[in-house]
Amino acid sequence: MADVDLSGEIAEAINGAAASGTAMLIAYVDEDGRPSMSYRGSTQVYSSDQVAVWARNPDQGLPVNVKERPLVSLVYYNRQTPGPFFLTIKGRARVAPEANQHVYDHMIKGEQDRDPDRKGVAVVVDVDSVSGAGPDGRISQERAE
């Protein structure tokens with residue numbers, strides 16, 4: 001198993017997901033202890049071992065819940081690639097206002113248009129594992145301890 005490295009085909013898939021019509025799904029645990037999922041067209045690789053999303057409302061949903069329950073999962077699936085491309089990402093999320101400018105600037109225009117006044121906040125996920133398969137074969141990565 002390789003250490004987490006979100007470069008190459010993984011970065012291309014994640015960063016191009018919304019533009020190709022395959023927005024990623026993020027799952028987290030809400031205040032009632034129930035699983036909650038939402039599509040995030042803003043999902044992007046933030047660093048070699050982090051992904052980020054934009055939360056348009058910082059006072060509800062994902063940004064509120066990850067403060068107490070940071071474990072999240074993200075899912076990507078695109079059957080249009082040569083052979084299906086799918087990823088499951090697990091990690092620890094946190095509200096990251098220091099990343100607001102970068103995350104906003106790097107999301108697609110359609111997502112920016114939904115929050116033109118930039119009232120949202122960046123949520124950064126420190127990725128602990130990535131598994132799946134892509135055009136180059138199986139993917140199995142885990143953060144080195």
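What follows is calculated from the coordinates using simple rules that are stated; it is not laboratory data. What you see is a predicted model; the values in this text were computed from it and never measured. We place every Cβ from the backbone using ideal geometry, glycine too, and count neighbours over all the protein chains shown.
Segment 1-102 holds strands (runs of 3 or more DSSP E) entirely within its bounds, and those carrying 1 or more residues that are in contact (Cβ under 8 Å) with a residue 40 or more places away in the chain map to 24-29, 44-47, 50-55, 71-78, 85-95.
Each residue in segment 48-68 was checked for being farther than 30 Å from GLU9 by Cβ, of a type in the set (D, E, K, R) and surrounded by 14 or more Cβ atoms within 10 Å (Cβ to Cβ), and 0 of them qualify.
Which one is nearest to SER20 (Cα to Cα) among residues in segment 109-120 that are surrounded by 14 or more Cβ atoms within 10 Å (Cβ to Cβ) and either acidic (Asp, Glu) or under 14 Å from the mean Cα position of the chain (by Cα) (or both)? Across segment 109-120, the extreme among qualifying residues is GLU111. Restricted to segment 69-105, and to residues there that are closer than 19 Å to ALA17 by Cα and of a type in the set (D, E, K, R), the residue that is surrounded by the most Cβ atoms within 10 Å (Cβ to Cβ) is LYS90. Within segment 17-38, restricting attention to residues that are closer than 25 Å to GLU98 by Cβ and under 14 Å from the mean Cα position of the chain (by Cα), which residue is surrounded by the most Cβ atoms within 10 Å (Cβ to Cβ)? Checked segment 17-38; the qualifying residue surrounded by the most Cβ atoms within 10 Å (Cβ to Cβ) is ALA17.
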